[in-house]
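Working notes for the structure below.
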Amino acid sequence: QVELAESGGGWVQPGGSLRLSCEASGSMRRFYALAWYRQVAGKQRELVANMVRGGSTDYTDSVKGRFTISLDDAKNTVYLQMNSLKPEDTAVYYCKALDSMQDYWGQGTQVTVSS
C-alpha cells in the first residue's frame, strides 16, 4: 500500500508564494497520473492541477499562469509551485495519484492566504 504525504502548507500574505510537496512512500513510477486538489470547508473538492505521465499538464482557470505542477521521480515527489497567491486560494490542498488499480490520496495540507 502506497502512502502519500503532503507538506509545505502554511500562512502567506497575498502575492506570496508557497511550494507544496507530496512524497510517496514508494516509487512514483507506478502512477500514470498525478494531481492536486483543494477543498474549502463546506464546498466540494476542486481539481487544481493534473499531469499525465508522458503527456500534458492542465490547470483550473483560476490558477493558470500562477501554479505549476511538476514531478521528480528520483525523489518520489510531486510538487505544486504556487505564486501570486490570493485569499481565494485558501484551502486544504490534497495530492492524488492514480495507478491502474486505484486512486491514492494524501492527508492534506492547509494553505492560508491573508494579510
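Expressed as a whole percentage, what fraction of the accessible surface of segment 1-56 belongs to carbon and sulfur atoms when a 1.4 Å probe is rolled over the protein heavy atoms? Write down the numbers at each step before the final one.
Working: 1520 of 3230 Å².
Heavy-atom surface of segment 1-56 belonging to carbon and sulfur, 1.4 Å probe: 47 percent.
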In whole Å, largest first, the alpha carbons of segment 30-108 cover along the principal axes 35, 26, 21
Distance in nm between Gln39 and Arg19 label points, each 7 Å along Cα→Cβ, equals 2.7 nm
Using a 1.4 Å probe on heavy atoms of the protein chains only, the accessible area for Lys64 in Å², nearest 10, reads 110 Å²
So, over other residues within a Cβ distance under 9 Å of Ser21, counting Lys, Arg +1 and Asp, Glu -1, the net charge is 0
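Sum up the charges of everything whose Cβ sits under 14 Å from the Cβ of Gln39, counting Lys and Arg as +1 and Asp and Glu as -1, but leave Gln39 out. All intermediate terms of the calculation are to be shown ahead of the outcome.
Values: positive: Arg38, Lys43, Arg45, Lys96; negative: Glu6, Glu46, Glu88, Asp89.
Result for the local shell: 0.
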One computes Rg over Rh for segment 1-73 from alpha-carbon atoms, with the Kirkwood Rh, and obtains 0.96
Placing each pseudo-label 7 Å from Cα in the direction of the beta carbon, Ser56 and Glu88 end up separated by a distance in nanometres of 2.4 nm
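Magnitude of the Cβ-charge dipole of the chain, K/R +1 and D/E -1, about the Cα centre, nearest 20 debye? Write down the numbers at each step before the final one.
Numbers: 12 positive and 12 negative charges, 25 e Å.
So the dipole magnitude of the chain works out to roughly 120 debye.
As an exercise, find the ratio Rg/Rh for segment 1-41 from alpha-carbon atoms, using the Kirkwood inverse-distance average for Rh. Before the final figure, lay out each step's value.
Working: Rg = 13.1 Å, Rh = 12.5 Å.
Across segment 1-41, the Cα-based Rg/Rh ratio is 1.05.
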Once the in-chain neighbours fewer than 8 apart are removed, the lysines whose Cα is under 24 Å from Lys43 read Lys64, Lys86, Lys96
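Compute the length gained on full extension between Ala5 and Gln102: take 0.36 nm times their separation in residues and subtract their Cα-Cα distance, giving the result in nm to one decimal. Kindly include the intermediate steps, with their values, before the conclusion.
Working: separation 97, 0.36 × 97 = 34.92 nm, distance 1.70 nm.
That works out to 33.2 nm of additional length.
The values are calculated or read from the model by the stated rules, or taken from the named source; none is laboratory data. Computed from a prediction, not measured in an experiment: that's the story for all the values here. Reconstructed Cβ throughout: ideal geometry from the backbone, glycine too, with neighbour counts over all protein chains shown. SASA here: full protein model, heavy atoms, side chains in, ligands and nucleic acids out. Shrake-Rupley method; radii C 1.70, N 1.55, O 1.52, S 1.80 Å.
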